[in-house]
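Encoded as structure tokens, the structure appears first; notes follow it.
The values are calculated or read from the model by the stated rules, or taken from the named source; none is laboratory data. Owing to the predicted nature of the structure, the values given are computational and were not obtained by experimental measurement. Note: ideal-geometry Cβ built from the backbone for every residue, glycine included; neighbour counts use all protein chains shown. Protein only, heavy atoms only, side chains kept; ligands, DNA and RNA dropped before computing areas. Shrake-Rupley method; radii C 1.70, N 1.55, O 1.52, S 1.80 Å.
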Amino acid sequence: MNKPAILVIDDEAQIRKLLEITLQSNDYTVSLAETARQGIALTAAHPPDLIILDIGLPDDTGHNVLKELRSWYTHPILILSANSGEEDIIAALDNGANDYLVKPFRTGELLARLRSALRSTTHELSTPVLDINGLQIDLAARTVKKGGIPVKLTATEYTLLALFARNEGKVLTHQYLLREVWGPGYISQSQYLRVFIAQLRKKIEDDPNRPTYILTESGIGYRLVSPE
Amino acid sequence: MQLLYSILSVGIVSVACHFLSEYMGYRVVAFVLLITVSLIAMFFDILPVLLTAILTALTWDYFFIPPHFTLQVASAEDGILLSMYFVIAMVNAVLTFKIRQAEKEVRRKEKRAGAVKLYNTLLNSLSHELRTPIATIIGAADNLQANNARLTPQHRHELINEISQAGLRLNQQVENLLNMSRLESGFVQPKKDWCDINEIVYDAVRHIETNGVSQHIHININPDIPLFRLDDGMLEQIIFNLLNNAVKYTPADTRIDIAAMCYTDVLQLTIEDNGPGFPEQAISRVFDKFYRLAESTPGGTGLGLSIVKGFTEAMGGRIALENRKEGGAKFTINIPAETSYLKNLKNE
């Protein structure tokens with residue numbers, strides 16, 4: 001398999017250097033851009049497999065770059081943010097970012113997110129049966145098995161899990177989940193989400209209090225990951 | 001406004017004196033009026049006080065000194081009394097006012113001195129807390145750069161580890177300072193949403209445990225605890241800081257218990273340990289900004305617990321600290337909040 005190509009758009013030279021070394025030594029091909037214009041031009045010339053985008057760019061806000069890129073670029077975009085302001089991150093996710101990391105981040109975490117995001121792009125092409133580390137979700141038959149044993153889910157629980165499975169690795173915001181599973185009228189009814197996430201965890205996690213499939217992104221949303 | 005109140009008080013006191021003058025004689029009235037001037041001087045500005053002094057002198061003369069309802073004075077004795085009354089009332093007014101001015105000045109100076117002291121404590125604490133990890137990073141990096149060939153793999157590994165630890169410590173300090181300045185700005189509005197307490201507590205514990213913990217943390221939450229409408233970020237920070245405090249300042253193998261309970265629309269969180277507890281005289285001060293126990297180990301800004309208190313109060317709650325009878329410290333937090341059980345949803 002070819003080395004995945006990653007484009008880093010960040011105005012901070014130190015962060016660019018750090019990411020360049022980290023990514024190259026982990027078998028990625030890296031290109032660098034320090035402004036929004038440069039980043040968009042590079043993406044158009046050689047579309048990378050994934051973009052790491054700093055949300056606080058000088059010549060254009062990362063949000064505008066994100067919107068512009070998302071009008072035609074379909075591969076994962078991972079957001080870097082210097083402040084942990086939830087609104088900023090939620091806006092980026094709603095504008096089509098797949099995942100986010102807040103500076104300072106640990107290298108291990110960054111690499112895990114990259115692997116997860118790159119894996120999720122391959123799902124769309126494969127069979128209706130998704131296998132997420134022993135959790136098999138058959139989107140055609142609407143059944144779920146864990147380690148070969150059927151898991152009984154209610155209709156809502158299944159809808160929620162299937163939504164997560166189709167977006168493996170991607171952070172899904174509270175609002176997005178409420179709108180997709182319960183409908184636009186339920187966007188502010190986050191208590192439904194809390195209750196059903198807890199129920200779903202009881203059925204699919206080994207220890208519902210220490211979840212390994214459905215992870216919480218505090219104040220933002222949830223995502224389904226393959227435990228590594 | 002104060003002028004109006006002054007005139008009004010003089011009026012009321014005069015009417016009262018008018019009814020009493022039959023029993024006490026008009027000269028006693030002068031003293032009652034003087035007391036009025038003194039009282040007003042204790043609370044009002046100089047202008048209303050002077051006005052009161054003049055008004056009472058005129059009132060006394062016009063209504064009480066015979067002949068009544070004229071400004072004339074019949075006897076020479078009363079003339080002297082009236083002049084003396086006028087002088088005493090004026091002196092009284094001015095002196096009281098001056099004393100109050102002096103007191104104000106002293107208070108202002110004390111406040112300023114307090115602010116300067118707090119600022120110095122802040123700077124001392126900050127420069128130490130920020131410079132130590134910075135010194136570590138610069139020193140370790142220099143060492144790796146200059147002595148790379150001579151360092152044993154073991155030493156190289158240790159230096160890199162020091163850089164990483166220092167970075168984490170710096171990040172923690174910055175996080176604390178940002179939270180504190182948010183609280184200080186007074187604009188902290190809790191973003192209330194439905195919170196799964198179980199999830200928040202386990203997340204905070206996992207967060208603490210990733211940094212390595214030598215104590216034993218036990219969690220006790222009723223699985224049927226309702227959802228609470230609170231700020232999840234603040235709650236997690238509160239729990240994290242309290243656990244962090246317990247982990248930092250109790251010996252290895254200490255037992256730390258964290259529990260969450262629901263009393264009619266109140267969330268109660270308790271975090272207790274069987275460590276050494278707090279010195280009794282420190283208990284009332286541990287939530288103060290930059291307060292640190294005299295004998296405590298270095299590596300804290302003294303902000304953690306004041307942030308806990310700030311966030312708790314921002315959500316309308318209260319926090320208390322006590323030493324347990326059987327030894328160790330116990331923090332209790334009570335926060336009123338809307339609750340939701342949603343049990344009817346279970347089979348949807």
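Brief remarks on what is shown
- Computed from point charges on the beta carbon alone (+1 for Lys and Arg, -1 for Asp and Glu), the dipole magnitude for the protein assembly as shown about its Cα centre is near 360 Debye.
- Between chain A and chain B, the total buried accessible area stands at approximately 2100 Å², from heavy atoms with a 1.4 Å probe.
- Inter-probe distance in nm under a simple model that places probes 7 Å from Cα toward Cβ, at A:Asn64 and A:Asp11: 1.2 nm
- Proximal charge balance of B:Thr136 [Cβ under 13 Å; K/R count +1, D/E count -1]: -2
- Solvent-accessible area, 1.4 Å probe, carbon plus sulfur percent, for chain A: 52 percent
- When the pairs A:Lys145/A:Lys203; B:Lys117/B:Lys289; A:Lys152/A:Lys202; B:Lys191/B:Lys330 are compared against a 22 Å limit on Cα-Cα distance, B:Lys191/B:Lys330 fall above it.
- Rh by Kirkwood over Cα pairs, then Stokes-Einstein D for chain B at 1.306 mPa s and 10 °C, µm²/s: 60 µm²/s
- B:Val91 - accessible surface, heavy atoms, 1.4 Å probe, Å² rounded to 10: 80 Å²
- To put it simply, the accessible area of chain B at a 1.4 Å probe is 60 percent carbon and sulfur.
- GNM result for chain B, Cα springs below 10 Å: residue of B:Ser181, B:Ser38, B:Ser164 fluctuating most strongly: B:Ser38
- Mean Cα-pair separation over length for the stretch B:193-345, i.e. relative contact order, pairs under 8 Å, 6 or more apart, %: 26 percent
- Signed unit charges on C-beta, dipole axis of the stretch A:129-224, positive-most listed residue A:Ala165, A:Gly148, A:Tyr186: A:Tyr186
- Each 20 Å bin, from zero up to the one with the longest distance, holds this percent of the alpha carbon pairs of the protein assembly as shown: 16, 37, 24, 13, 9, 2, 0.
- The stretch A:38-163, relative contact order in percent, only Cα pairs under 8 angstrom and at least six apart counted: 15 percent
- What you get for the stretch A:165-228, charging only the Cβ of Lys and Arg (+1) and of Asp and Glu (-1), is a dipole of about 200 debye around the Cα centre.
- DSSP assigns beta bridges within the protein assembly as shown; of those with both partners inside it, close to 65 percent run antiparallel.
- Radius, Kirkwood style, for chain A when every pair of distinct Cα atoms is counted (Å): 18.5 Å
- Dividing the mean sequence gap of close Cα pairs (under 8 Å, 6+ apart) by how many residues chain A holds gives a relative contact order of 13 percent.
- Solvent-accessible area per residue, Å², over the protein assembly as shown with all protein chains present [probe radius 1.4 Å]: 52 Å²
- Among B:Leu230, B:Leu47, the order of accessible area from largest down is B:Leu47, B:Leu230, computed with a 1.4 Å probe on protein heavy atoms.
- Equivalent ellipsoid semi-axes - Cα gyration tensor, the stretch A:129-224, angstrom: 21, 15, 12
- Selected from B:Arg107, B:Arg324, B:Arg229 as most flexible by GNM, with chain B as the system and alpha-carbon contacts under 10 Å: B:Arg107
- Lys/Arg +1, Asp/Glu -1 at C-beta; the stretch B:1-186 dipole; positive extreme among B:Gln72, B:Thr36, B:Thr152: B:Thr152
- Listing of the stretch B:186-208 residues, each with accessible area lower by at least 10 Å² in the full protein assembly than in the chain alone (probe 1.4 Å): B:Lys191, B:Asp193, B:Trp194, B:Asp196, B:Asn198, B:Glu199, B:Tyr202, B:Asp203, B:Arg206
- Normalised size of the stretch B:218-309, defined as Cα radius of gyration per 2.2 N^0.38 Å with N residues, equals 1.18.
- Residues in the stretch B:218-264 that, when all protein chains are in place, have 50 Å² or more less accessible area than the chain alone would give (probe 1.4 Å): B:Asp232
- When shorter helices are ignored and each DSSP H run of at least 4 residues is given -39500 (n - 2.57), the per-residue value for the protein assembly as shown at 222 nm works out to -17500 deg cm²/dmol.
- Among B:Ile271, B:Ile319, B:Ile54: highest mean-square fluctuation, GNM of chain B, C-alpha pairs under 10 Å: B:Ile54
- At least 50 Å² accessible surface lost relative to isolated chain, residues of the stretch A:162-191 (1.4 Å probe): A:Gln191
- Rounded to the nearest 20 debye, the dipole magnitude of chain A is 880 debye, with +1 charges on Lys and Arg beta carbons, -1 on Asp and Glu beta carbons, and the Cα centre as origin.
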